[in-house]
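Here's the structure, in structure tokens; my notes come after.
The values are calculated or read from the model by the stated rules, or taken from the named source; none is laboratory data. Because the structure is predicted, anything quoted here is derived from the model rather than measured. Cβ: placed from backbone, ideal geometry, glycine included. Neighbour counts: every protein chain shown.
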Amino acid sequence: MSITMYDEGRGPERSVVLDLLAAAFQDDPVVAWLFPDPVERRRLQPAYYAGLLAQPTAEAYLTTAGDGVAVWLELSAGQVPFGDPPGGDAGPDPLAVFGPHAERLRHLGGLLAERHSHAEQHLYLACIGVRPDRRGSGLGSALLRHRLAQPDAENLPAYLEASSARSRDLYLQHGFEDLGTPVQLPDGPLLWPMWRSATSTR
């Protein structure tokens, strides 16, 4: 299996990435909390992930078979994960795009921002997804190893939020450790903030 970096300039690949993430997270506890209705969830997810890909430092890595993808951000010390792009263009109004779900998105972003460590430059795993019929086949581990093995990652810690107990177990196997207590969403699931030091070799 090989892994390639997503190229924003290649239109068809963008659709593959967005559709893959939507399928991978259709039954994710946090995404289900954000978009409770399954039909609305499938419709709105591509817009949510398009926002991730639009971040200035976003890097998306895609398996050549199109069955797994990981989106990383490289953040400098003090940088907010989902700040406005350069020039102050904040993009579409979330209320216009997500309607009544925009408030939950804002609330989630606020809770995660409070826990996100901004003290030093680091890699942020915004999301990693595998096609449902390929779960358990090692694709998640391969995508993690691919980015964490790159030369710049040797000197950078990494941060993420695990959205399920299963994904948390995967990240523990790759050198991540719990960073404080889980984040509890109102009437919703837990998220586990996790940190991996630059010296981790697992």
Note to self: Given (1) loosely packed, with under 15 Cβ neighbours inside 10 Å; (2) part of a helix (DSSP H, G or I); (3) modelled with pLDDT of 90 or more, identify the lone condition not met by residue 186.
What the structure shows: (2)
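The rows are residues; the columns are (1) touching a Leu at 6+ places or on another chain (Cβ under 9 Å); (2) hydrophobic (A, V, I, L, M, F, W, C).
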| residue | (1), (2) |
| --- | --- |
| 13 | yes, no |
| 33 | yes, yes |
| 36 | no, no |
| 53 | yes, yes |
| 60 | yes, yes |
Next item on the list: Please enumerate the residues belonging to segment 111-132 that are over 20 Å from residue 71 (Cα atoms) and assigned to a helix (DSSP H, G or I).
Entry: 111, 114
Notebook entry, point to check: How do the strands (runs of 3 or more DSSP E) wholly within segment 1-85 filter down when requiring 2 or more residues that are in contact with a strand residue (DSSP E or B) (Cβ under 8 Å, 6 or more places away or on another chain), surrounded by 12 or more Cβ atoms within 10 Å (Cβ to Cβ) and at pLDDT 90 or above: which remain?
Noted result: 58-63, 68-75
Check: Assuming residue 166 fulfils every condition listed in (1) assigned to a helix (DSSP H, G or I); (2) in contact with a strand residue (DSSP E or B) (Cβ under 8 Å, 6 or more places away or on another chain) apart from one, which condition is it?
Finding: (2)
Checklist line | Filtered residues of segment 146-163 (kept if over 18 Å from residue 195 (Cβ atoms) and either touching a Gly at 6+ places or on another chain (Cβ under 9 Å) or in a helix (DSSP H, G or I) (or both)) | finding: 146, 151
